[in-house]
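As structure tokens, the structure follows; a few thoughts come after it.
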């Protein structure tokens, strides 16, 4: 088995110091990075085309808020690592599911949920992108003092 090839820098001429360019075939963008207390999000589709796409890194032992969304409909796939998904109709009836790479879950609006990372984990999330999607979160509990807030 050969050693993996080191990553090469991008040769995309459109990705220079925040430049956004469009041609007849494709729109070239730079993904936005949002640091979080539990890890980070790389937002590669910002909703302007009707959907949101994120790569979410959750560090081992950390957890996202216990939350729900009023309108946001999301599907999450575990790319790497191990997580425990807690979900249910309300905070008092949560079921825990261990998820590994390749496992996927659909979370419709109003479902209470939280993700806890057992190991460092990378998740791919796609979701609806209604106006205000960044603030469509109701935090019911949070390990980082953000309970009751909706800021990203």
Q.
Expected output is a single nm value to one decimal: the length gained when fully extending between residue 140 and residue 80, i.e. 0.36 nm times separation in residues minus the C-alpha distance. What is it?
A. 18.9 nm
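For segment 15-152, what does the relative contact order come out to in percent, with C-alpha contacts under 8 Å and a separation of six or more?
Numbers: 340 pairs, mean separation 37.4, N = 138.
For segment 15-152, the relative contact order is 27 percent.
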Q | Pairwise FRET efficiency - residue 89 versus residue 32, Cβ, R0 = 35 Å, nearest 0.05 | A | 0.60
(Q) Under the 0.36 nm per residue contour assumption, what length would be gained going from the current alpha-carbon distance of residue 110 and residue 149 to full extension? (A) 12.4 nm
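Could you quote the convex hull projected area for segment 63-108, Cα atoms only and averaged over all directions, in nm²? Mind showing how you got there, number by number?
On the way: hull surface 13.3 nm².
Mean orientational projected area (segment 63-108, Cα hull): 3.3 nm².
State, as an integer percentage, the relative contact order of segment 79-152 based on alpha-carbon contacts under 8 Å between residues 6 or more apart. Write down the numbers at each step before the final one.
Numbers: 105 pairs, mean separation 22.7, N = 74.
RCO, segment 79-152: 31 percent.
Shape verdict for segment 30-141, please, from the Cα gyration tensor: rounded (a/c under 1.5), prolate (a/b greater than b/c) or oblate.
Numbers: a/c = 1.60, a/b = 1.12, b/c = 1.43.
It comes out oblate by the Cα gyration axes.
Just so you know, all these numbers are worked out from the coordinates, no wet-lab data involved. Nothing here was measured: the structure is a model prediction, and the numbers come from that model. Cβ atoms come from the backbone with ideal geometry, glycine included; neighbour counts cover every protein chain shown.
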